[in-house]
Amino acid sequence: MAWSRLSKGRVPMLTSGSQFRDSVIRTLSELVGEEVLAIWEIPVAETVVGLPAERLVEATAALQNDLEIWHLSAITADVGPSRLRDSPESVLRLLYHFWKGVPVTLAIELPPGTSSVDSLTGLIPGAAFYEREIFGMFGVRFGGHPDLRPLLLPDDWDGPPPMGPRTTVEPSGGGAI
């Protein structure tokens, strides 16, 4: 896959998915250093970079400013064993899926008892809907979100978040992420 557009001389010409992957890993490793907890690929050649939750906004800004990765295609969540730390406890994992010809995902994990992370809406206004969905379904609070209210649940919903910590959720069972 060839990348022919150079913008402002900041983004190197990428000729393959592996060069793109290497650029993403180099940029984020330079930014957060030893705090990059894990790097793995899933079968569709998607690079996943695990980061501490408190570095999410900074890492997203680096993707935008250094690599011109602007398209956030989804934010998804799952509950299961940690992929970033050696821990027997299940964690809530948030996956921020970006796209620029090839996929790259930023992964953060919220350990039990932690239910908040900074919002990406200051960098990516479209993240508001994804964050509202995760807030409603999992109970995650996004600090700095301009309108944090459930997106999918009915207005008269009176119970806990359906996928949140007060319900029993089976781990995802060794799926791709």
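The values are calculated or read from the model by the stated rules, or taken from the named source; none is laboratory data. As the structure is a computational prediction, the values presented were derived from the model and not from experiment. A quick note on method: Cβ atoms are made from the backbone with ideal geometry, for glycine too, and the neighbour counts reach across all protein chains shown.
Within segment 23-45, residues that are modelled with pLDDT under 80 have Cβ atoms under 7 Å from residues that are outside any strand (DSSP E or B) and hydroxyl-bearing (Ser, Thr, Tyr) in these pairs: Val36/Ser29, counting only partners at least 6 apart in sequence or on another chain.
I'd like to check something: does segment 108-131 contain any residue that is surrounded by fewer than 20 Cβ atoms within 10 Å (Cβ to Cβ), closer than 22 Å to Arg26 by Cβ and among the aromatic types (Phe, Trp, Tyr)? The answer is no; no qualifying residue exists.
Residues checked against (1) within 28 Å of Pro125 (Cβ to Cβ); (2) surrounded by fewer than 17 Cβ atoms within 10 Å (Cβ to Cβ); (3) at pLDDT below 80:
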site	(1), (2), (3)
Arg5	yes, yes, yes
Gln64	yes, yes, no
Arg83	no, yes, no
Leu94	yes, no, no
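Considering Gly139, Gly143, the condition of being surrounded by 12 or more Cβ atoms within 10 Å (Cβ to Cβ) and in contact (Cβ under 8 Å) with a residue 12 or more places away in the chain is satisfied by Gly139 alone. Scanning segment 66-77 for residues that are modelled with pLDDT under 95 and crowded, with 18+ Cβ neighbours inside 10 Å returns Leu67, Ile69. Restricting attention to segment 126-176, the residues that are among the small types (Gly, Ala, Ser) and at pLDDT below 90 add up to 7.
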